[in-house]
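The values are calculated or read from the model by the stated rules, or taken from the named source; none is laboratory data. These numbers come from a predicted model, not from an experiment. Just so you know, the surface numbers come from the protein's heavy atoms only, side chains and all, with ligands and any DNA or RNA stripped out. Shrake-Rupley method; radii C 1.70, N 1.55, O 1.52, S 1.80 Å.
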Amino acid sequence: ILDTSKDWFKEGLSAIPDLVKPNLEELKAYTHKDLNDESEIIDEALKICAKGVKEVLVSLGKKGSLYVTNSNIYKITVPDIEIVNHVGAGDALLAGFVSSKANYGLKDALRRAAAISLVYISNRDDIDMLQKLVKIKSIKR
């Protein structure tokens, strides 16, 4: 698993990790591109997959996240809630995803991961309710 930034991201990719979790700013820095729309973000995530990485989970802040593999692309949309502190949101997303993958199907693991991140940044404890509000949309290419 690779979750780092700046030159360490590029260096870490050379090890071909199974999963990478950049946020949008980290992906922009890596690609040296503005990445102004979802399609561009997906294109760059697919390029990372082409290097041998199995899964790319891009955190997008209030816009949710994108999960990209060579065979699946999902847009994860989160509800608009009051945020107490956004620091660590991506870490919570990644931890939630990794811990949920063994016990849930892919889409449910992504949904639960987003809810875990929301609980973390909002200091709420209603993960089940938040999980129901997370939307997963398959994107075809």
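With a 1.4 Å probe rolled over the protein heavy atoms of all chains, the accessible area of 133, 19 falls in the order 133, 19, largest first.
Pairs from the table (6/101; 33/135; 63/137) lying more than 22 angstrom apart at Cα are 6/101; 33/135.
The value of relative contact order for the range 1-42, using C-alpha pairs under 8 Å at least six residues apart, is 39 percent.
Relative contact order of the chain: 19 percent, from C-alpha pairs under 8 Å at least 6 residues apart in sequence. Ranked by solvent-accessible area (1.4 Å probe, protein heavy atoms only, all chains present), the residues 5, 65, 99 order from largest to smallest as 99, 5, 65.
Based on protein heavy atoms only, the chain ends up with 56 Å² per residue of surface accessible to a 1.4 Å probe. Here the range 1-43 and the range 72-120 have alpha carbon centers that stand 18 Å from each other.
If you wrap the range 64-141 in the convex hull of its Cα atoms and look at it from every side, the mean projected area works out to 5.0 nm².
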